[in-house]
Amino acid sequence: MSALGSFIWSIADQLRGPYRPNQYGTVVLPFTILRRLDCILEPDQATVRELAAKFDNPNRLKVEVKKATGRTFYNTSNYSFANLLADADGLADNLVDYIDRFSGDVDVFEYFDFKKEILALEKAGLLREVVKSFGKVDLHPVVVSNSDMGDAFEYIIRKFNEAANETSGDHYTPRDAIRLLVDLLFSEKDIDLTEDGIIRSLYDPTAGTGGMLSLAEEHLLAGNPDAKLGLYGQEYNPQSYAICKSDLLAKGQYATNIAFGNTLTDDAFKGRQFDYCMSNPPYGVDWKQYAKAVKDERDSAGPYGRFAPGLPATSDGQMLFLLHLAHKMRAPEDGGGRVGIVMNGSPLFNGAAESGPSNIRRWLLENDLVDAIVALPTNMFFNTGIATYIWILDNTKHPDHQGKVQLIDGTSFWTKMRKNLGAKGREISDADRAEVVRLYADFEDADPDFSKVLRNDEFGYWTVTVERPLLDEGGSPVVNRKGDPKPDSKKRDTENVPFTYGGSTVGAAGAREVIQAYFDTEVKPHVPDAWVDWTKTKTGYEIPFTRHFFKYVPPRPLAEIDADLEKQVAKILDLLREVEG
């Protein structure tokens, strides 16, 4: 639990009565952001006011403020937490004036409907005490690090969502999971990241409160303090967007790098590509309401559009984000890009051959974009205990990785938490994380109990339609005009034939030979009159992750089971005798 978060939440206790617990966040969150920005701006407030009196043009003022303070945002109001309480009668008006005089790119308070809350607080007689309480908290980054501030926001949001009986996983990802994702994402190119004055870009299309972006920046700066990482993100939840933007402003990032809106229907960074992309999109959330816009874009954008490879079922949109990120990687001729995305298990195998999900996997694998997939421990997230996986995509793979995918079973690398946080009862310790990253680095030399490296074609298969003849009443085959036997639809069957059947290593190119060999060996001996309808053969791809790590555990000896049963029977008989006695 974040001590700072707990302290800030205690301020919300003042709201009891006029506010219900599920409404606390609408006050606490914007006040926390405002106080954070207030603490950052306070040292240069006088300088900014002087500049504001001198330069009317906002663009010129922004340039001058940047020169004088090094920051890209400012506030020209005569008010701040330092003097708001001096005018008791004008507190609400002065607070609104303070909010209105932020530079135009600080639009975060609009997304909380904060002015309405100020009036509601004043009407309830609470405004003065709330302002007074927040004025006592020093939230300057020197006192409260960006990491601690992120923890505080996560704590506040979780408490807010618990009170509102909502899920928290839609808004942020546990930091231990993010750290593993970041380490894996940067692992392949860590050497490059130590170059002097290196400039890289990182993008998150489901930015939430910005936790992934912040930890990625920390990772890069820890290894190279002179590195420059441009952070970009888009978020459609108003409150999360506001927190993310204010957090990045506090870090000195440009406000325009964080956009509000739905990535799937309105890509705010259309045409841009990035060195690194990462995301934890919502799982199992339908996209019916966006379906028309997504399908229209697919149809109009042509074969190179982001959704061209296929569309998943409208009941789950996470693979749309997978496709989106694959198209956001910097082009190989420009240095290439990498993606880290967390998803549940269904994108590994859902959909039959040539369905939308299967075609998405096919496109990713045939273009050699999947570098690794890491299974995370269960019970890792705050609102779900389901199995989750990190996919690492790379369009400029290391030569040793080309044409291959590494599967890492990280499900056993976890530490039990002292106290559960919602559904989260496990965490990935630093040692656990280092072990998974080492498995990734070792690649084909990694422990085979936890790591498998397979060729891309080993995930492919053909779904083959096997027909049998339609027989007349006399038991003779019914033929068509060409004299060929007509199929009996009631006896029609399908077989999934792996690309690798019979030890084949030529992939899809071996379709005719491999399918015929399979049919001759596995089908024909049992149904001699059957044949393959080649016109109905479909190509599919699936990643049966758990099958590759399955370990057979023999059942206990029969004698041992019998002995246990006899013991239980004896206990039951003893109990019955006691009842009768």
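The values are calculated or read from the model by the stated rules, or taken from the named source; none is laboratory data. Computed from a predicted structure; not experimentally measured. Positions of Cβ are backbone-derived with ideal geometry, glycine not excepted, and every protein chain shown enters the neighbour counts. Just the protein is used for accessible areas: all its heavy atoms, side chains included, with ligands, DNA and RNA removed. Shrake-Rupley method; radii C 1.70, N 1.55, O 1.52, S 1.80 Å.
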**Prompt:** Are any of the residues in the stretch 211-223 in contact with a Ser or Thr (Cβ under 6 Å, 6 or more places away or on another chain), modelled with pLDDT of 85 or more and of a type in the set (D, E, K, R)?
**Reply:** no
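Here is a yes/no grid of residues against (1) touching a Gly at 6+ places or on another chain (Cβ under 9 Å); (2) within 26 Å of Ala372 (Cβ to Cβ); (3) exposed (fewer than 13 other Cβ atoms within 10 Å of the Cβ):
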| position | (1), (2), (3) |
| --- | --- |
| Val497 | no, no, no |
| Ser504 | yes, yes, no |
| Ala530 | no, no, no |
| Gly540 | yes, yes, no |
| Thr546 | yes, yes, no |
| Pro555 | no, no, yes |
| Val569 | no, no, yes |
**Item:** Single residue of Val436, Val466 found to be touching a helix residue (DSSP H, G or I) at 6+ places or on another chain (Cβ under 7 Å), modelled with pLDDT of 95 or more and not in a helix (DSSP H, G or I)
**Value:** Val466
**Asked** Can you name the residue in the stretch 214-225 that is free of Cβ contacts under 8 Å to residues at least 60 places away in the same chain and in contact with a strand residue (DSSP E or B) (Cβ under 7 Å, 6 or more places away or on another chain) and is also nearest to Pro174 (Cα to Cα) among such residues?
**Response** Glu217
**Message:** Yes or no: the stretch 30-43 includes at least one residue that is over 30 Å from Tyr155 (Cα atoms), in a helix (DSSP H, G or I), open to solvent by 70 Å² or more (accessible area, probe 1.4 Å) and touching a residue at least 12 places away in the same chain (Cβ under 8 Å).
**Reply:** no
**Within the stretch 335-373, considering residues that are under 18 Å from the mean Cα position of the chain (by Cα) and of a type in the set (Gly, Ala, Ser), the one nearest to Pro281 (Cα to Cα)** = Gly340
**Asked** How many of the residues making up the stretch 271-304 are open to solvent by 80 Å² or more (accessible area, probe 1.4 Å) and touching a Lys or Arg at 6+ places or on another chain (Cβ under 8 Å)?
**Response** 1
**Message:** Any residue in the stretch 542-554 that is in contact (Cβ under 8 Å) with a residue 24 or more places away in the chain sitting within a Cβ distance under 9 Å of a residue that is of a type in the set (Lys, Arg) and not in a loop (DSSP other than H, G, I, E, B)? List the pairs, counting only those 6 or more apart or interchain.
**Reply:** Glu542/Arg361; Ile543/Arg361; His548/Lys452; Phe549/Lys452
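If you check Asp334 against the conditions, is it closer than 28 Å to Phe274 by Cα, surrounded by fewer than 22 Cβ atoms within 10 Å (Cβ to Cβ), of a type in the set (Asp, Glu) and in contact (Cβ under 8 Å) with a residue 60 or more places away in the chain?
Values: closer than 28 Å to Phe274 by Cα: yes; surrounded by fewer than 22 Cβ atoms within 10 Å (Cβ to Cβ): yes; of a type in the set (Asp, Glu): yes; in contact (Cβ under 8 Å) with a residue 60 or more places away in the chain: yes.
Answer is yes for this residue.
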**Request:** Go over the candidates Pro238, Pro174 one by one and state the one that is in contact (Cβ under 8 Å) with a residue 12 or more places away in the chain and open to solvent by less than 40 Å² (accessible area, probe 1.4 Å).
**Result:** Pro174
**Fill in**
Scanning the stretch 374-395 for residues that are surrounded by fewer than 20 Cβ atoms within 10 Å (Cβ to Cβ) and either closer than 18 Å to Val285 by Cα or at pLDDT 95 or above (or both) gives Asn383, Thr384, Gly385, Ile386, Ala387, Asn395
**Message:** Show me the helices (runs of 4 or more DSSP H) found entirely inside the stretch 61-170 where at least 3 residues are open to solvent by 60 Å² or more (accessible area, probe 1.4 Å).
**Reply:** 114-123, 127-135, 146-163
**Single unsatisfied condition, Pro485 versus (1) open to solvent by less than 50 Å² (accessible area, probe 1.4 Å); (2) modelled with pLDDT under 95; (3) within 18 Å of Trp534 (Cβ to Cβ)** = (1)
**Prompt:** When you scan the stretch 226-345 for helices (runs of 4 or more DSSP H) that lie fully inside it, which ones turn up with 2 or more residues that are under 26 Å from Met380 (Cα atoms) and in contact with a strand residue (DSSP E or B) (Cβ under 6 Å, 6 or more places away or on another chain)?
**Reply:** 238-250, 318-326
**Asked** Going through the stretch 2-29 one residue at a time, which ones are over 28 Å from the mean Cα position of the chain (by Cα) and not in a helix (DSSP H, G or I)?
**Response** Arg16, Gly17, Pro18, Tyr19, Arg20
**Cross-chain or 6+ apart pairs with Cβ under 7 Å, the stretch 374-389 first and under 15 Å from Ile543 (Cβ atoms), then small (Gly, Ala, Ser) and surrounded by fewer than 21 Cβ atoms within 10 Å (Cβ to Cβ)** = Ala375/Ala387; Ala387/Gly345; Tyr389/Gly345
**Message:** Can you pull out every residue in the stretch 481-505 that is hydroxyl-bearing (Ser, Thr, Tyr) and part of a helix (DSSP H, G or I)?
**Reply:** Ser489, Tyr501
**Asked** Tell me, which residue of the stretch 506-526 that is at pLDDT 95 or above and not in a helix (DSSP H, G or I) is most open to solvent (accessible area, probe 1.4 Å)?
**Response** His526
